[in-house]
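Here the structure is laid out as structure tokens; the discussion comes afterwards.
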Amino acid sequence: MFKKMQSKIVVIFVALVLAIMLVVGGYMFNSTVKMYTNAFNEQMDKVMSGEFVVAMTETLRSDLSETEKTNRINTVISAYSAQLGLSDGRQCAVLDARDASRLVTTGTGAEPLEKTANILQAMAGKVGRGTSITSDFMDYAYFIEGGAGGTDYIIYIKDNKQSINILIRNMLYIIIQAILFGALASVILGYFLSRTITNPISVLTEKAEDFAEGNFDSNLEVFSQDEIGTLVETFNYMGGVMKGAINTAASEKHKLEIILENINNGIIAFNTEQDIISINQAAKKMLNIDETAGLRFDRFFEELNAKVCMAEFIYLTRFRTEFREIEINGRHIKAYFFPFKMEENRVAGVVCVFTDVTEEFNLEKSRRKFVAEVSHELKTPLTTIGTYTETLLDNYPVDKDMEISFLKTIQNETIKMTNLVKNLLTLSRFDAQSVELKLEAFDLAEMLSEVVETFRVQAENKNQELLYNTVNAIPMIYADRFQIERAVKNIVSNSLKYTPENGSVKVFAGFLNNQAYIKIEDTGIGIPEEDIGHIFERFYRVDKARSREQGGTGLGLAIAKEIIENHKGSISMESRMGEYTRVTIKLPLNAAEKTKTALS
Ligand code: ATP
Ligand code: MG
């Protein structure tokens, strides 16, 4: 099959060959005709300058009768017919120079003669030997003076170009043959020539299509060392460069995808049509997105109450980064909007980065709450001390009993504040991880029995039953004895504090699942269900007024929890209002591992 380019080349090639042949043929034709007419004229010139004209002049000027003259003329013509080259196609005539009427003629009969340019020349007394290629005959007219008083004559030779026509026909035949052959040869040659040009182009085209589909693997064979060969080489080089560039881009993209997928921040990229062009897992999880199809920028952020819209980025704020805070399912999320451009100075979309700051938010909230609570806790005793001191000073000297009572109140408030400050210091040390546990091996059962005994008097004062029991043998544990003691004391003291008179407080200890456990149970006022979840929080008290009245700081359980957790243990509380409260502590036998990390 001829391809477009191939057909063009073949057509041009054939046209070129045909044009050359036509020019050559035309030239040959032209020069042949010229040569022939020149030869005719030369031949006639030669004959006319010889004896033929002498004989003819003599005859024409003679006094012979017309018939005899005609016969003589005919005889002369026949005598010189060979020199004149007479034939069917070439005739000789003798004309009257006055009107060009025919006197004698050979061959052509008696029809009137057309007054050709040459005849007119001869009629004017000159030699008519002009030629024309286009004319269908050639002629020669020679003027002969008739002599004294005689008529002037013209010897007229007319050739109907019969022989030259035959020659030309033969030549034309040869030329046509040559043209046909040339055309055929040029088609074949043109085909092969065009193949050498179009084949590499076809191969290059296929290769370019491969490139477009992203296949840069195969290398093209370089067949020639010419410009096409250079083009193929350049093409191969280009493929290599593109492959390298695309591989680099792909690996960069892959890297970016991995980073995006593994980053904790949620990332979504939107185009200006508001459609998602990229989203990572973190964003889906953080913003509860199951299906990304149909999710549109404006509507999505409107539902999140973020007050942003794409048009604003495109037309107003443009490349300015925006920041919003979003709340979704109780989570606090910071959203940053980074408009980006692809080309020119136009916004091509917006990349949204989401950071879950719930922890920081809550921490900040609890920090503020803590500061408020500490201030509040300190304010009450300080006010009391202030009021009492002022009263004492204003009314001094006062009654001794009153003075002692006032001073005791001041002392109590001071003790409360001291306890509060001490407890706060303890907690702040735990927060700063600067509590160094003094680990030692000790007998937990024995320690608990000693702790319980320190509360004996207090329990007896309220007529409370205070019991201690070990369920089974506990191996030696490796922990900070003082801290564990402190935690247990906080809990036992709570039980005694929040259990009315005649109630009971029981302490059990045992060893289960490779862990030591301590259970402190009382038959006290209990804790409402809704408070249990918050009971280990700092300053959390079920009945604030009552707790404060009893000298509580609201930090005992929080400290106990810090201590136990720093020992890699756990603490939990169960309770039923008006029935019981049970605190369970679980401790690993060796707290060393945890201690190290806690202190590191
Ligand atoms: P502190 O222990 O610093 O003297 P406190 O006892 O008030 O003060 P926590 O030990 O942390 O503080 O206890 C917090 C709150 O939990 C108490 O105020 C009390 O309301 C409640 N609580 C703790 N233990 C018991 C218990 N055994 N029975 C009933 N309520 C309890
Ligand atoms: Mg307490």
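The values are calculated or read from the model by the stated rules, or taken from the named source; none is laboratory data. Keep in mind the model is a prediction, meaning the values are calculated, not measured. FYI the Cβ positions are ideal-geometry reconstructions off the backbone, even for glycines, and counts take in every protein chain you see. The protein model used for the area step is the full one, side chains on, heavy atoms only, and it has no ligands, DNA or RNA in it. Shrake-Rupley method; radii C 1.70, N 1.55, O 1.52, S 1.80 Å.
The stretch 357-501: D in µm²/s via Stokes-Einstein (Kirkwood Rh, Cα pairs, 25 °C, 0.890 mPa s)?
Details: Rh = 19.3 Å.
Translational diffusion coefficient: 127 µm²/s.
Calculated accessible area for the stretch 69-167 comes out at 49 Å² per residue, all protein chains present (probe 1.4 Å; ligands, DNA, RNA ignored). Of all DSSP-defined beta bridges confined to the stretch 441-515, some 35% are antiparallel rather than parallel.
Looking at the stretch 214-262, the accessible area is 76 square angstrom per residue; that uses a 1.4 Å probe and ignores ligands, DNA and RNA. Protein heavy-atom surface of the chain, 1.4 angstrom probe: 56% of the accessible area is carbon and sulfur, with nucleic acids and ligands not counted.
Other residues with beta-carbon under 15 Å from the beta-carbon of Asp136 carry, at +1 per Lys or Arg and -1 per Asp or Glu, a net charge of +1.
Taking chymotrypsin sites (Phe, Trp or Tyr not before Pro) in DSSP loop conformation with at most 16 other Cβ atoms inside 10 Å as exposed sites, the chain has its longest uninterrupted site-free stretch at 320-600.
Note on Leu392 and Tyr237: the model spin-label points, each 7 Å out from Cα along the C-beta direction, lie 10.0 nm apart.
Nearest 0.05, what FRET efficiency do Ser65 and Ile174 give at R0 = 41 Å with Cβ-Cβ as r?
On the way: r = 53 Å, r/R0 = 1.30.
Here the calculated transfer efficiency is 0.15.
Grab the Cα-Cα distance for Lys341 and Arg299, subtract it from 0.36 nm times how many residues apart they are, and report the gain in nm with one decimal.
Values: separation 42, 0.36 × 42 = 15.12 nm, distance 2.25 nm.
12.9 nm is the gain from fully extending Lys341 to Arg299.
The Cβ shell under 14 Å around Lys365 holds other residues with a net charge of -2, Lys and Arg each +1, Asp and Glu each -1.
Rounded to the nearest 5, the antiparallel percentage of DSSP beta bridges internal to the chain is 90%.
Here Lys4 is the anchor, and the lysines within straight C-alpha reach of less than 21 Å, apart from those fewer than 8 places off in the same chain, are Lys207. If only the Cβ of Lys and Arg carry +1 and only the Cβ of Asp and Glu carry -1, the dipole of the stretch 264-356 around its Cα centre is close to 240 debye.
Spin-label model, Gln43 to Thr272: label points 7 Å out along the Cα-to-beta-carbon direction sit 9.1 nm apart.
Converting phi to 3J(HN,Hα) with the Karplus coefficients 6.51, -1.76 and 1.60 and the offset θ = phi - 60°, the stretch 312-324 yields 4, 5, 6, 10, 10, 6, 6, 8, 7, 6, 10, 9, 9 Hz in sequence order, with x at every glycine or proline. To make sure I understand the rule: partners must be lysines, Cα under 21 Å from the Cα of Lys161, and not fewer than 8 residues away in the same chain. Which ones qualify? Within reach: Lys34, Lys46, Lys115.
In the stretch 198-354, a dipole from Cβ-located charges (positive for Lys and Arg, negative for Asp and Glu) runs towards its positive end, and of Ser202, Asn264, Ser224 it is Asn264 whose Cα lies farthest in that direction.
About the Cα centre, and with charges only on the beta carbon of Lys, Arg (+1) and Asp, Glu (-1), how big is the dipole of the chain? Nearest 20 debye, please. List each step's numbers first, then the result.
On the way: 65 positive and 79 negative charges, 69 e Å.
The dipole magnitude comes to about 340 debye.
In the structure shown, the pairs Lys369/Lys462; Lys379/Lys462; Lys284/Lys334; Lys489/Lys568; Lys408/Lys438; Lys369/Lys416 are assessed against 25 Å; a Cα-Cα span above that value is assigned to Lys369/Lys462; Lys379/Lys462; Lys408/Lys438. The gain in end-to-end length when the Leu120 to His534 segment is fully stretched comes to 134.7 nm, 0.36 nm per residue minus the alpha carbon separation.
How high is the relative contact order of the chain, given as a whole-number percent (alpha carbon pairs under 8 Å, six or more residues apart)?
Working: 812 pairs, mean separation 43.4, N = 600.
So the answer I get is 7 percent.
Pick out, in residue order, every one of the GluC sites (Glu not before Pro) in the stretch 557-591 that is DSSP loop and has at most 13 other C-beta atoms within 10 Å; say none if there are none. Display every interim value, and only then the final one.
Values: sites: Glu562, Glu565, Glu574, Glu579; in loops: Glu579.
Filter output for the stretch 557-591: Glu579.
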